[in-house]
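The values are calculated or read from the model by the stated rules, or taken from the named source; none is laboratory data. All values derive from a computational prediction rather than experimental measurement. Cβ sites come from the backbone with ideal geometry, for glycine too, and all protein chains shown count toward neighbours. Surface accessibility is based on the protein's heavy atoms, side chains included, excluding ligands, DNA and RNA. Shrake-Rupley method; radii C 1.70, N 1.55, O 1.52, S 1.80 Å.
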Amino acid sequence: GATDANQAASADVQDPADSPALVANVAPENALEDPLAAMPYQDCFASAADRYQIDDALLMGIAIVESSMDPDAVSSADALGLMQIKWPITATHLGITDRRALFDPCTNIDAGARYLRELLDDLAAFSSEPRRRLALASYRLGPNVFAPNVPLPANAQDYIEKVTAQERLLTAPVQDAI
């Protein structure tokens, strides 16, 4: 019925079907020459990466895993856009008070990068790799669920692995990508 259709339409995009080559499904064929340059919204990712000192491949990896690079994505938890910014709590925390603004790719990417930078800064006491993993876990789980001193739940570990795999695909030398 209508309820089933609504549930299907609001499927949670934060847990997309496992697809190790997802980047190949969203990038044009010349992506093998320069995967980062060939990605949609590359200028937005590069600008946010520079502004918040986060690798653009990491931001793109998050967007691929979170939304399959769909700027209009809406999850069942009401997370919006490419970087799946939770409405309204995370959005308003980041100063975004107009829900529609999160469907603008550059606004959404900037918000996701700013949020990840906050998470990384909050975890400054940890060394680089644990800090990165914990920040990704916190991004996935949300600030009310995440605790850095307990074992990460399976869904957070899975998320970290998926984002890292996408990041590797985006930065792989051409011979490794073929």
Inset, instruction - Evaluate the charge dipole of region 27-178 about its Cα centre and quote only its size in Debye, nearest 20, assuming +1 on the Cβ of each Lys and Arg and -1 on the Cβ of each Asp and Glu. - result: 580
Inset, instruction - Give the long-range amide H neighbours of LYS86: residues separated by 5 or more places, or on another chain, with amide H under 5 Å away, using H modelled in the peptide plane at 1.01 Å from N. - result: LEU80, ALA91
Legend entry - Three-way shape label, region 67-176, alpha-carbon gyration tensor, a/c 1.5: oblate
Inset, instruction - Mind ranking SER128, SER67 by accessible surface for me, highest first, 1.4 Å probe? - result: SER128, SER67
Inset, instruction - Note down the nm distance, to one decimal, between modelled labels 7 Å out along Cα→Cβ at PHE103 and at ALA124. - result: 3.8
Inset, instruction - Please say if region 101-161 is rounded, prolate or oblate, where rounded means a/c under 1.5 for a ≥ b ≥ c the square roots of the C-alpha gyration tensor eigenvalues, and otherwise the choice is prolate for a/b larger than b/c and oblate otherwise? - result: prolate
Inset, instruction - Quote the accessible area belonging to SER68 in square angstrom, nearest 10, computed with a 1.4 Å probe and with ligands, DNA and RNA left uncounted. - result: 50
Inset, instruction - Using a cut-off of under 11 Å, list every residue of region 115-154 whose amide N is near the label point 7 Å from the Cα of ILE89 along the Cα-to-beta-carbon line. - result: 141-146
